[in-house]
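Read the structure below first, then the notes.
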Amino acid sequence: MSEFLSIPVKDLLDENPFVGDFLQSIDVAVSDESVSVLTLLEAYPSDHWEEQGTTFDDVTEQLTTFINCLNSVEGRTTIESLTVLPGFDKSGNAEACLLELIPGEITCVVGPTGSGKSRLLADIEWLANRDTPTKRQVLLNGKPADEDMVNHFGGKLIAQITQNMNFVLDMSVSEFLLMHAQSRLLENAEAVVDEVIALANELSGEQFNPNTPVTFLSGGQSRALMIADVACIGQAPIVLIDEIENAGVNKKKALDLLVNKDKIVLMATHDPLLILLADKRVVIKNGGMHKVIVTNDFEKNYYRELEQLDLQLQKTKEFFRYGNELSANAKIE
Ligand SMILES: Nc1ncnc2c1ncn2[C@@H]1O[C@H](COP(=O)(O)OP(=O)(O)OP(=O)(O)O)[C@@H](O)[C@H]1O
Ligand SMILES: [Mg+2]
């Protein structure tokens, strides 16, 4: 049961005036401001809820979600840091370092295939509390995450963007985004939806329109849409990305977009361009955090060289993708 339901109604209304509208909408009168909202609701017989087309349980759950949403919209709780305290590698040896993440910074997770990059992301997603195979502990603002903190974000503390994103909904892109924007209580939902679609088209380079059914989107388009959605609509302050290198999205733009919104971004990747774009990287060896390297100036300069090479590679990919043949007369410019 949420803490909000057991504090005096007066305090709840002082903090969240919209709760008054919520109670009014289910025909509940605030007869006594000194009792808890739970006591108020319990005073009504089940007939009352039936008349309202709902049940007591649904109302308490909806009210909790509603308050959490309001709180997250107003951003009362902010995540200032996420810390991963060391556990053990695959051989049971203590990990060599901890990992500290802050908003506005991009951190990459690097290491050979099978080394444990996705595992680290999963530990964060689960807010591990020495209860995963690695025995790591995740701290938010220096403390183990408690339920209140998670509830504060209405279950949207962490957004995940993975290789295999598939939609199963029978909806158009704009319907899907509008539903999401409205559930987040955004006032200018329609304008935001347009912004997300424009951004996603810019990221994927493969155009789709607002009426395209989400199930028709290609893998690259889906990921571009999710990134734009996470950046503009989602309030999740922590974004975990598992390998977007082959996703057909403009990686640099995508990262700029996410970081501009002041999020904590952690990305598992094998892509040297993404690694050099990041502020730092944690190296995983045999399942353990081995060391954290801050991207140095030499590496940042090397990024520019690599960008040119990457551009050449992109052009080459396009050249062959569109059925061209390399010859004395047909070169890749
Ligand atoms: N510290 C650990 N203790 C126990 N098991 C671990 C540990 N770290 C990783 N593993 C396990 O090792 C396996 C491979 O890890 P994971 O999938 O995270 O690798 P990866 O680096 O993401 O690989 P890829 O680059 O192929 O995606 C998984 O089953 C994972 O649960
Ligand atoms: Mg992986």
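Read-outs: derived from the displayed coordinates by stated rules, not from any lab. This is a predicted model, so every value here is computed, not measured. All Cβ positions, glycine included, derive from the backbone under ideal geometry; neighbour counts span all protein chains shown.
Before moving on, here are some points about what is shown:
- With respect to the chain, whose longest principal axis is taken over its alpha-carbon atoms, helix 219-232 is tilted by about 50°.
- Taking the DSSP beta bridges with both ends in the chain, the antiparallel portion is around 55 percent.
- Placing R0 at 22 angstrom, the Cβ-Cβ distance between PHE298 and ASN141 gives a FRET efficiency of 0.05 after rounding to 0.05.
- Across ASN151, ASN296, ASN250, mean-square fluctuation computed from a Gaussian network of the chain (C-alpha pairs under 10 Å connected) peaks at ASN296.
- Options THR212, ASN260, SER222, ranked by Cα towards positive dipole end of the range 169-282, top entry (Cβ charges): ASN260
- Placing unit charges on the Cβ atoms of the charged side chains and taking the dipole of the chain about its Cα centre, the candidate lying farthest along the positive direction among GLN314, GLY53, VAL35 is GLN314.
- Springs between Cα atoms under 10 Å define the GNM used for the chain, and in it the highest mean-square fluctuation of LEU13, LEU258, LEU177 occurs at LEU13.
- C-alpha long axis of helix 297-321 to longest principal axis of the chain, angle in °: 80 degrees
- Cα-Cα over 25 Å, subset of LYS156/LYS285; LYS251/LYS317; LYS135/LYS300; LYS143/LYS285; LYS90/LYS300; LYS252/LYS331: LYS156/LYS285; LYS135/LYS300; LYS143/LYS285; LYS90/LYS300; LYS252/LYS331
- Anisotropy class of the range 241-333 from Cα gyration tensor, a/c 1.5 cut: prolate
- Each stretch of four or more DSSP H residues adds -39500 (n - 2.57); spread over every residue of the chain, this sum gives -13000 deg cm²/dmol at 222 nm.
- When +1 charges are put on Lys and Arg Cβ atoms and -1 charges on Asp and Glu Cβ atoms, the dipole computed for the chain relative to its Cα centre reaches about 2220 debye.
- Three-way shape call for the range 138-277 based on the alpha-carbon gyration tensor, with the a/c threshold at 1.5: oblate
- Put in line by how crowded their Cβ is, counting other Cβ atoms within 10 Å and starting with the fewest, ASP310, ASP27 read ASP27, ASP310.
- Degrees separating the helix 56-74 axis from the principal Cα axis of the chain, which is the longest one: 50 degrees
- For the range 232-284 versus the range 77-103, the gap between their alpha-carbon centres in whole angstrom: 18 Å
- Ranked list, fewest to most other Cβ atoms within 10 Å of each Cβ, for VAL230, VAL283: VAL283, VAL230
- Shape call, the chain: gyration tensor on alpha carbons, a/c limit 1.5: oblate
- For the chain: relative contact order, % (alpha-carbon pairs under 8 angstrom, 6 or more apart): 20 percent
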